[in-house]
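Working notes, beginning with the structure itself.
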Amino acid sequence: MYNQNKKNFKIVLGGNHDEETEFLPLISANEDFSDELNNLPDLLPILPLRNTVMFPWIIFPISVGRQSSLKLIKEAYANKTLIGAVAQRNPEDEHANIDNLYTVGTLTEVVKVLEMPDGTTSAILQGKRRFKMTSMVETEPFLKAQYQILNDVKPIEKDSEYKALVGSLKDLSLKIIKLSINIPEEASFAIRNIENVNFLVNFISSNADVESAVKQELLEIDDMRKRAERLLSLLVRQVQELELKNDIQNKVRVDIDKQQREYFLNQQMKTIQNELGYGSNDRDVEELRNLATQKKWNESVGTHFEKELAKLARMNPQIGEYSIQLQYLKTLLDLPWGTLTKDIHDLKRAQKILDRDHFGLDDVKSRILEYLAVLKLKQNLKTPIICLYGPPGVGKTSLGKSIAESLGRQYMRMSLGGVHDESEIRGHRRTYIGAMPGRIIENLKKSKADNPVFVLDEIDKIGHSAHGDPASALLEVLDPEQNHAFHDNYIDLDYDLSKVLFIATANNISAIHPALRDRMELIEVSGYLVEEKMEIAKAHLWPKQLNEHGIDKSKIQMKSKVLKSIIQDYTRESGVRNLDQTLAKICRNLARKIVMDENFDTPLTETEVLAILGKPRYNSEKYEGNEYAGVVTGLAWTAVGGTILKVESSISQGTGKVSFTGNLGEVMKESVSVAMNYIKANADKLNIKVESFTKWDLHVHFPEGATPKDGPSAGITLVTALVSALTQRKVKSHLAMTGEITLRGKVLPVGGIKEKILAAKRAGIKDIILSVENQKDIDEIKAQYIQGLTFHYVDEILDVLKVALLDQKVKGAKAID
């Protein structure tokens, strides 16, 4: 209620006031609360007040500072005239004017002027009535303004509700005095002895411990009831704050008493243990301090360590917190803190290692060699954040190990699949039981160096839960502009990750957090062609499996034809993981036969492989001919590589209904609609009669209905199939195609070209139709892998139909009028 951080009882008027000033309103001795005023001046002299607001009927002792205010006070006292006390909006303004004064103030009488022993002048003021300035007329020697008297709206004397409201104000004021240690008890005596309810409202308003702006708000309220209600809400809030403050102080006092008691007991226990010959923690502290002298950490880390070590030295080894603190300090010592392994800048050696361990992957190898070359020229290069993405089994993870060997660095791998707790990345705060560092820091402890090759495996499979979002935590780790000060919650210090070469792997980059994806350099690791898988199997997989199963590789050979049949008949993938498992199964069978002295063919034959692996798991994708109208071969991409996609369409007499089946997704359904609408819009160009669309029903089917299908790449295939069905024209033999279409008939490029070409060649396709914009993808494939294939690059659907459809009708063609 009262200003509680003040010591002196005065109001600074005009001059500067310090932080130890308190404003103490007094009660009028004669308690004259009438509203009658005599001898009102035409122009009212204005006295600016800082840090306080004058209320009617309240007496203030003040100290006068400014010369203009001093002159005004003395003149008003001598002439027994009233002045206007108005609060300044900004108490720091030295010169008051109409712009920095509130418009509502209080008519005031100067009761007494006193010359103080220290040379200053004090005055006692008593408020009378509220007024409002209408305009400022004079500024010298002091401010004078035109004004109008404001009348208070007072409740009737018998208004019991208003009396109860004022009673509540009195009770709350007394409670505030009791709760506040800086308000003297005499203040409660003043409150209890005020009988006039309106005067009590103004008295409490003047004394309330609120900002001057809030007091001004109270003064400007005409209705005494509303002023009391507003004041009540302020006092209720103040009581709540004081009660909460007292509760907190009591709790802190109890906690301090408990800590002091525990400290003395621990000291006594320590003394008893020393007397009994029990060990102390001096040995641990000394050992940790000696290890700290060998670390290369900076001054701030060293200071933090010494502070935590001093805390350990004060602890009793028998309490539970001691082991927690000891483990924390050991964790700090286990971290490398600037220890680096020396990079090997031999590019030819790096090239040899990368070629030895991985077949193909030219883009990835080239990027690593570029990094090595720049690192050799500029030693403090920021390490790139690389993300290798592609289908499973193509060698993304194992590539990280080869990169580490080529650089001469430590290799660390962290699997992110299924991680859904942010603490896995950032660690737990030490306040939790069982807290530990995040996995980034843990792996750096194991590597013993600050510049390992760090593989973040399966970054696209990070989850999130109520425990936080790990992907968001990785934003700091994988940002070269931020990771020099990575903050782990457990060590509670900034750690430099800028020297770490992070390599992330993913199967589906669309599942990666967009902000995280933006921080990484994306390099695609696409699937292998059959020829590439054969080379990998010959050079890496088959020798590895023979060695792991203890079989002499000089005694067992496998011909290319047999190896190719294994790849095509027993695996269906973009990578070589299943191929590796299949070869391992063959080696296990051969190992058993060798140990049991059973006979087997060498070199291995297809018959021997059939006996070991059983019937082929996959039917070879073969082109099925062009005998039927409306049947066209498309090309599709799947998570395990490319495949051919047969599109069948047929017509039957009806009303022009179009239906489609085959477990289609929304995008593929849209492609059917686009294809049909294009054909209707361009029927004359396609030699299709408009009546056909109302006399014949169309049915589009995608075989293998159990397999979901989606995507826009079957657009040109659908148009070709529908036009073939409606015209009964024959489709060119051994032809496949892929491309998206628009309603205008434009052919757009699609992805997964390399995998689709692999599927086409495997199926015996000879001609392939692609968008002209996909030509760049074909140029990146080695010539030996596309030998025997003819590519037709098109820009519009009419170009597709010129290549795909023959003038010849199919056998048994339907007569379409």
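The values are calculated or read from the model by the stated rules, or taken from the named source; none is laboratory data. Please read all numbers here as calculations on a predicted model, not as lab measurements. Neighbour counts run over all protein chains shown; Cβ positions are idealised from the backbone, glycine included. These area figures cover heavy atoms from the full protein model, side chains too; ligands, DNA and RNA do not enter into them. Shrake-Rupley method; radii C 1.70, N 1.55, O 1.52, S 1.80 Å.
Starting from 0.36 nm per residue, how many nanometres of slack lie between ASP710 and LEU43 once their C-alpha separation is accounted for?
231.4 nm
Where in the chain lies the longest segment free of chymotrypsin sites (Phe, Trp or Tyr not before Pro) that are both loop residues by DSSP (not H, G, I, E, B) and have at most 15 other Cβ atoms within 10 Å?
34-277
As a test question: what accessible area, to the nearest 10 Å², does VAL374 have when a 1.4 Å probe is rolled over all protein chains in place?
Per-residue accessible area (VAL374): approximately 70 Å².
Would you kindly derive the ³J(HN,Hα) couplings of segment 428-445 from the backbone phi angles with the Karplus curve 6.51 cos²θ - 1.76 cosθ + 1.60 (θ = phi - 60°), listing them in order in whole Hz, with x for Gly and Pro?
Each residue of segment 428-445 in turn: 9, 5, 5, 6, 8, 5, x, 4, 8, x, x, 6, 5, 5, 4, 5, 5, 4 Hz.
Accessible area, 1.4 Å probe, largest first: how do LEU497, LEU114 sort?
Correct descending sequence by accessible area is LEU114, LEU497.
What ranking of ASP469, ASP684 comes out by heavy-atom accessible area, probe 1.4 Å, highest first?
ASP684, ASP469
Please compute the volume of the convex hull spanned by the alpha-carbon atoms of segment 497-571 and report it per residue in Å³.
Spread over its residues, the Cα hull of segment 497-571 gives 168 Å³ apiece.
Mind ordering 592-598, 603-609 by average Cβ neighbours within 10 Å, highest first?
603-609, 592-598
Can you send over the carbon and sulfur percentage of the accessible area for segment 397-550, probe radius 1.4 Å, protein chains only?
Carbon plus sulfur share of accessible area: 47 percent.
Taking a virtual spin label 7 Å from the Cα of SER168 along the C-beta vector, which residues in segment 184-226 bring their backbone nitrogen under 14 Å of it?
Of the residues in segment 184-226, 225-226 have backbone N under 14 Å from the label point off SER168.
Give or take rounding to whole Å, what are the principal axis extents of the alpha carbon atoms in segment 305-418, in descending order?
Over segment 305-418, Cα extents along the principal axes are 62, 37, 20 Å.
Taking a ≥ b ≥ c as the square roots of the Cα gyration tensor eigenvalues, with a/c under 1.5 meaning rounded and otherwise prolate when a/b beats b/c, else oblate, which class fits segment 78-118?
oblate
How big is the Kirkwood radius of the chain, worked out from every pair of different alpha carbons and given in Å to one decimal?
36.6
Would you mind checking the radius of gyration and Dmax of segment 675-776 based on alpha-carbon positions, in Å?
Over segment 675-776's Cα set, Rg and Dmax evaluate to 14.7, 44 Å.
Find the Rg to Rh ratio for segment 124-255, where Rh is the Kirkwood radius over alpha-carbon pairs and Rg uses the same atoms.
Radius of gyration relative to Kirkwood radius: 1.07.
In nanometres, what is the gap between the two model label sites at GLU598 and GLU220, each 7 Å from Cα along Cα-to-Cβ?
Distance between the two pseudo-spin positions: 10.0 nm.
Given the Cα atoms of segment 303-370, and with Rh set as the inverse mean 1/r over their pairs in the Kirkwood sense, what is Rg to Rh to two decimals?
1.41
Quote the FRET efficiency, to the nearest 0.05, computed for LYS695 versus GLU780 with a Förster distance R0 of 41 Å and r equal to the Cβ-Cβ distance.
0.30
Can you bin segment 650-715 into rounded, prolate or oblate? Criterion: square roots of the alpha carbon gyration tensor eigenvalues sorted a ≥ b ≥ c, rounded for a/c under 1.5, prolate for a/b above b/c, oblate for the rest.
oblate
Need the full-extension length gain, THR431 to LYS382, defined as separation in residues times 0.36 nm minus the C-alpha distance. One decimal, nm.
Once the chain is fully extended between THR431 and LYS382, it gains 14.2 nm.
Return one number: the angle in degrees, 0 to 90 and rounded to the nearest 10, between the long axis of the Cα atoms of helix 320-334 and the longest principal axis of the Cα atoms of the chain.
That helix lies at roughly 60 degrees to the long axis.
Label-point separation (nm) for GLU195 and ALA515, each offset 7 Å from Cα along Cα-to-Cβ?
6.9
Once you order the gyration tensor axes a ≥ b ≥ c over the Cα atoms, which shape class does segment 110-186 get: rounded for a/c under 1.5, otherwise prolate or oblate by comparing a/b with b/c?
Oblate, because a/c is 1.5 or more while a/b does not exceed b/c.
If you bin the C-alpha pair distances of segment 410-487 every 5 Å from 0, what whole percents do you get?
Whole-percent P(r) values from 0 Å outward: 3, 15, 24, 28, 20, 8, 2.
On a 24 Å Cα-Cα criterion, which of the cross-link pairs LYS132/LYS215; LYS352/LYS533; LYS756/LYS814; LYS296/LYS348 come out too long?
The pairs that break the limit, which is 24 Å between Cα atoms, are LYS756/LYS814; LYS296/LYS348.
Provide the per-residue ³J(HN,Hα) series for segment 593-604, in order, calculated from phi with Karplus coefficients 6.51, -1.76, 1.60 and θ = phi - 60°, each as a whole number of Hz, with x at glycine and proline positions.
5, 5, 5, 8, 6, 8, 8, 7, 6, 9, x, 4
On the accessible surface of segment 652-807, probed at 1.4 Å, how many percent belong to carbon and sulfur atoms?
50
Over the chain, give the accessible area per residue in Å² for a 1.4 Å probe, as an integer.
Per residue, the chain has 50 Å² of solvent-accessible surface.
Leaving out same-chain residues fewer than 8 places away, which lysines sit with a Cα under 22 Å from that of LYS112?
Partners within reach: LYS10, LYS71, LYS74, LYS80, LYS128, LYS144.
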